[in-house]
Amino acid sequence: MSIDDLDEVVLAFEDGLVIETGDRVASRDYVRWAHEVPGLFEAVRGTGAFDVTDGAEEPAVVASAVEFLLEGLHLSRRINKDRSGAGIVYRR
């Protein structure tokens, strides 16, 4: 996987997507984002967070994968990251 494989995710942020992560965010919210944000499901799947045999998703594993991918986009200067209370806000 390359950072360029996340172009659809970056475009969603450019179109106004804002995601707030943190300890108070339920794992099921990360699973929902993985399915709703264009390109994020495929990127999460590329991390191995989904069982390739039956498509099962462990919410805590998906949450970790989403945070890993968002942090990678931040570190590569594709999206911004701000601290907000008990969490982190990712935006463009």
Under 5 Å between amide H atoms, partner at least 5 residues away or on a different chain: which partners does Gly22 have, H built in plane at 1.01 Å?
Ile88
Quick one: grab the alpha carbon gyration tensor of the range 1-52, order the square roots of its eigenvalues as a ≥ b ≥ c, and give me rounded if a/c is under 1.5, else prolate or oblate depending on whether a/b is larger than b/c.
oblate
For Asn80 paired with Asp23, estimate the spin-label separation in nm (one decimal), with each label point 7 Å from Cα along the Cα-to-Cβ line.
2.7 nm
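Roughly to the nearest percent, how much of the accessible area of the chain is carbon and sulfur, given a 1.4 Å probe? Display every interim value, and only then the final one.
Working: 2550 of 5480 Å².
That fraction is 47 percent.
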For Asn80, what residues show an amide H to amide H distance below 5 Å, using hydrogens built from the backbone and excluding near sequence neighbours?
Arg91, Arg92
Radius, Kirkwood style, for the chain when every pair of distinct Cα atoms is counted (Å):
13.1 Å
Which loop trypsin sites (Lys or Arg not before Pro) in the range 1-34, with loop taken from DSSP, have no more than 11 other Cβ atoms within 10 angstrom of their Cβ?
Arg24
Here the net charge surrounding Val10, from other residues whose Cβ is less than 13 Å away from its Cβ (Lys, Arg +1; Asp, Glu -1), is -2
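The values are calculated or read from the model by the stated rules, or taken from the named source; none is laboratory data. Because the structure is predicted, anything quoted here is derived from the model rather than measured. Note that we place each Cβ from the backbone using ideal geometry, even for glycine, and neighbour counts take in every protein chain shown. Accessible surface is based on the protein model in full, side chains and every heavy atom, while ligands, DNA and RNA are left aside. Shrake-Rupley method; radii C 1.70, N 1.55, O 1.52, S 1.80 Å.
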